[in-house]
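Structure first, commentary second.
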Amino acid sequence: AVKKAAIIDNSTNIFKIPIFIVAFNLNYIDKMKVSAQSCVKNDTYNIFLQKNANMLQNILLVGLGSMAGGVARYLLSMWIKQILPSLFPWGTFIVNMSGCLLIGLLSGWLSSQPLLPIHHRLLFIIGFCGSFTTFSTFTMDNLNLLTTKTYGLFFLNTSASIVLGLLCTAIGFWLTRR
């Protein structure tokens, strides 16, 4: 579960940081630290090493959340396309609406939990929801509706996604504030 990276050779001025890497467990992520004092005595290097360790940790959290969100988006979209075959892009529409509700719920809940570290926001909102909600797919679907001259479906998809997306986000946020 825990690996330790190679230690520094100070004489060559190459920085190999001993970082404890803990995969997929939020309980241990808060404990991920750089033990720079054991390698380098200079405070400037210690600050540099600590900031880079925090950035790596943040990148890993966003990446893990993004991977899970992308997979969830794909699976849900494919499932919806199977049960609702149509010219209207129901898969993207439902993923976007459920993503809007989810980001509202998570934002509302996390904002009411001031003692939770930022790691939860990075993993769930920036990573998972950022990858799960598919605005770029939404715009591509709309372009396809325009190029196939299905203007009614284009206006329906665009207006319903914007209005209902905002409404779902507000409802999700409101539900956590009651």
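Using θ = phi - 60° and the Karplus curve 6.51 cos²θ - 1.76 cosθ + 1.60, what whole-Hz ³J(HN,Hα) does each residue of region 60-67 get, with Gly and Pro shown as x?
Taking θ as phi minus 60°, the curve returns 5, 5, 5, x, 5, x, 5, 4 Hz for region 60-67.
Tell me, what HN-Hα J-couplings in whole Hz come from the Karplus equation 6.51 cos²θ - 1.76 cosθ + 1.60 at θ = phi - 60° for each residue of region 110-120, using x for Gly and Pro?
Here the 3J(HN,Hα) series is 5, 6, 8, 10, x, 7, 6, x, 5, 4, 5 Hz.
Amide H neighbours of residue 134 under 5 Å, at least 5 residues apart or on other chains, H built in the peptide plane: list them.
Here 96 satisfy the definition.
Can you give the Rg/Rh ratio of region 45-160, where Rg is from the C-alpha atoms and Rh is the Kirkwood radius?
Values: Rg = 17.9 Å, Rh = 15.9 Å.
Expressed as Rg/Rh, it is 1.13.
Hey, what do the phi angles of region 162-168 turn into as Karplus ³J(HN,Hα) couplings, whole Hz, using 6.51/-1.76/1.60 and θ = phi - 60°, x for Gly and Pro?
Running phi through 6.51 cos²θ - 1.76 cosθ + 1.60 with θ = phi - 60° gives 6, 5, 5, x, 5, 5, 4 Hz.
Can you list the equivalent-ellipsoid semi-axes of region 100-178, largest first and in whole Å, using the square root of 5 times each Cα gyration tensor eigenvalue?
Values: eigenvalues 197, 43, 4 Å².
For region 100-178, the semi-axes come out at 31, 15, 5 Å.
The numbers here are math on the coordinates, done by the rules we state, and not lab data. Computed from a prediction, not measured in an experiment: that's the story for all the values here.
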